[in-house]
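In what follows, a structure is listed as structure tokens, so that the remarks can point back to it.
The values are calculated or read from the model by the stated rules, or taken from the named source; none is laboratory data. Model, not experiment: these values are computed from the prediction. Every residue, glycine as well, gets a Cβ built from its backbone with ideal geometry; the counts of neighbours run over all protein chains shown. Accessible surface is based on the protein model in full, side chains and every heavy atom, while ligands, DNA and RNA are left aside. Shrake-Rupley method; radii C 1.70, N 1.55, O 1.52, S 1.80 Å.
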Amino acid sequence: MKDQVLDRIFNKPSFPHKFERLELDNNFCIIDISKQVQRFAHCPEQMIQGKDIRLSFPEFIGLEDILTAILYGKQELFELEGIKRCSEQKSNIYIDIYIIGEQHERFENKLIILIEDVTDRIVLKQKLAQQANEANLLSNALVSCNFYMEQVITSMADAFLVTNKSGQIIKVNYAAQQLFGFTEEEFINQPISLIIDDKVVIKAIYQHFADQQSFQNLEVICRTKTREKRLIAFSCSVISKNTQGLEDIIYIGRDMTARQRREQRTSTQYSITRILSESQSIKQVIPQILQSICQNLGWDLGELWTANQYIGNSIKRYSVNTVLRCVEIWSSRVVSVREFKAVTWQTTYTPGVGLPGEIWIGRSPLWIQDITRQGDTRRSQSAAEVGLYAAFGFPILDDNEILGVMVFFSREIQPKDTELLEMVGSIGSQIAQFIKRKQAEAALVESEQRYRDLFENANDLIQAVNAYGRFLYVNRAWRETLGYSEAEVMNLNVFDIIHPEFKQYCWQKFYSVLSGEKLEPIKAGLIAKNGETIFIESPVVMDSRHGF
């Protein structure tokens, strides 16, 4: 059996064989090596008798089970082909490794490692493969077989178009028809501007071809038959004809619209989160959010509608007296919407009427593909006059209580984007939480100010200290009675002004309060700035935020 394996190795049809040899014991340590085997090792300095073969040939790492099987005769042969060795001084070397076992009845079994230098064969194979690839590319570029071309074009998932040097479309595949919505008859003999309406881009493309240059992944805004925008990444090249020179231009386009929308949504969510985290007031945040959504998602105008003077208080869902008014508008500079804005400022809606009213009553985002054909009779005419068509909006909800509605318009007729509506629904909740938080903060500040005014004008002495006895606050009556200024109070500790006879008593009460005990009013003496002792009787209240 061993002879058959060796015959299989040595009699392969190939170049003249160049073998080196290694012998390993049952621990995979080197027993014997041939003279030139070091040049094939990854770490030649580790090619020493007694060393583990895996130190010099890391390819054996992970093959321990296979090596053991060969060592004990459970497997005849294992091959590692096409292993590359790099050298700074020499060109790359390629080797094949053959592993066989040598079993003995009296002695320990051994592994025989045969290493063949296959560099010439691999290099030749690479050259042949390279030449074959170049031949295939050239053949594909110049192929004139109509049947083959039809098979390639029909099977492509990407849009495929061919124009002549004048820019007229002469060939399209099924994917292009599906992507742009035109039939083959509607495509043929039409200019490429049928789908690319940017003349500057078209001119740049044909200037590129005039210089006999191809390009990859040029992202171009295209139009479908329904005038919907699509972001297409084109890879283009020129087909040369020997007799006529430059003739045809191939366009291979991949629809990148979904990727662009994902990036826009991610950018929008990040921007909204940043705005809400950095803004200090509701009136500051709303214009920034309208602008961010418009700019990041590519919409032209954004509005805020509320039933109040500005957004803030929630309204009961079925309030019959609710009247919605626009209180904020942001628009892009590339659109002229002065007349539309004028109509908007004067327009009011009730729940269920118009786009803002429908969102208000439905408590969910809403999409209108073409506002001139759907619904909003109060503003559809003025929207059409300034070139606004698609619209969507979403509620700003606090649980199920609504605070306002945001509405956005675009100059494009756009199909419903369910994922976008889901995202803006989440944004509406974020805005509502921000508004409620700011309202709570304002209410807290107002409440604390009322209490501070009450304390400041009280006739009783009021003081607050922290857990270390440092003063946090004293009222006017306290300062006037004891004679210390505000600056002096801030540098004092309460125990600095307690009369010595009361210090021990006050220390005990102080730590009792810190331990959570409720105490009866305490009696103590405080030393005024002029040295006079002021006797007080006062309750002690623990405040975890400020002190007591």
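Brief remarks on what is shown
- Where only DSSP H runs of four or more residues are counted, the chain gives -11500 deg cm²/dmol as its mean residue ellipticity at 222 nm, each run worth -39500 (n - 2.57).
- Distance (nanometres) between label positions extended 7 Å along Cα→Cβ at residue 336 and residue 364: 4.1
- Angle in degrees between helix 282-297 and the longest Cα principal axis of the chain, rounded to the nearest 10: 20
- If R0 equals 22 Å, the separation of the Cβ atoms of residue 486 and residue 507 corresponds to a calculated FRET efficiency of about 0.25.
- Added length on full extension, which subtracts the Cα-Cα distance from 0.36 nm per residue, residue 308 to residue 18: 95.3 nm
- Compared with the direct C-alpha span, the chain from residue 224 to residue 457 gains 76.6 nm at full extension, assuming 0.36 nm per residue.
- Rough spin-label spacing in nm, given labels placed 7 Å along Cα→Cβ, for residue 477 and residue 129: 9.4
- The chain, relative contact order in percent, only Cα pairs under 8 angstrom and at least six apart counted: 6
- A probe of 1.4 angstrom, applied to the heavy atoms of all protein chains, finds residue 150 with accessible area near 80 square angstrom.
- Short-range pairs are left out: with C-alpha atoms under 8 Å and at least six residues apart, the relative contact order of the stretch 389-476 is 20 percent.
- Solvent-accessible ranking of 496, 32, 96, largest area first, probe 1.4 Å: 496, 32, 96
- Scalar couplings 3J(HN,Hα) for the stretch 264-272, obtained by applying the Karplus form with A = 6.51, B = -1.76, C = 1.60 to θ = phi - 60°, are 5, 5, 4, 4, 5, 4, 4, 5, 5 Hz; x denotes Gly and Pro.
- Against the chain, whose longest principal axis is taken from its Cα atoms, helix 119-142 shows a tilt of about 70°.
- Look at [x] 1.15; [y] 1.00; [z] 1.25: the one that is Rg/Rh (Cα atoms, Kirkwood Rh) derived from this structure is [z].
- Taking 461, 114 and ordering them by how much accessible surface each has at a 1.4 Å probe, largest first, produces 461, 114.
- Put simply, the amide H of residue 389, placed in the peptide plane, has neighbours under 5 Å in 410, 411, 412, leaving out anything fewer than 5 places away on its chain.
- Area accessible to solvent at residue 51, 1.4 Å probe radius, in Å²: 80
- Efficiency of FRET from Cβ geometry, residue 440 and residue 535, R₀ 45 Å, rounded to 0.05: 0.60
- At an R0 of 56 angstrom, the distance between the Cβ atoms of residue 152 and residue 373 translates into a FRET efficiency of 0.85.
- A 1.4 Å probe over all protein chains sorts 270, 206 by accessible area into 270, 206, starting with the largest.
- Residue-wise HN-Hα coupling along the stretch 342-359, computed from phi with Karplus coefficients 6.51, -1.76, 1.60 (Hz; x: Gly, Pro): 4, 5, 4, 4, 9, 8, 10, 10, 10, x, x, 10, x, 4, x, x, 5, 5
- Close lysine pairs were tallied over the stretch 411-541: pairs 8 or more places apart or on different chains with Cα atoms under 28 Å apart number 6.
- Using a probe radius of 1.4 angstrom, the carbon and sulfur fraction of the accessible surface of the stretch 344-412 is 41%.
- Close amide H contacts of residue 534 (hydrogens built in the peptide plane, cut-off under 5 Å, sequence separation of 5 or more or a different chain): 526, 527, 528.
- Rounded to 10°, Cα long-axis angle of helix 500-514 versus longest principal axis of the chain: 50
- Segment residue 231..residue 80, full-extension length gain: 49.6 nm, with 0.36 nm per residue of separation and the alpha-carbon distance subtracted.
- Solvent-accessible area per residue in the chain equals 57 Å², computed with a 1.4 angstrom probe and all protein chains kept.
- Accessible area of residue 19 in the full protein assembly, 1.4 Å probe (Å², nearest 10): 50
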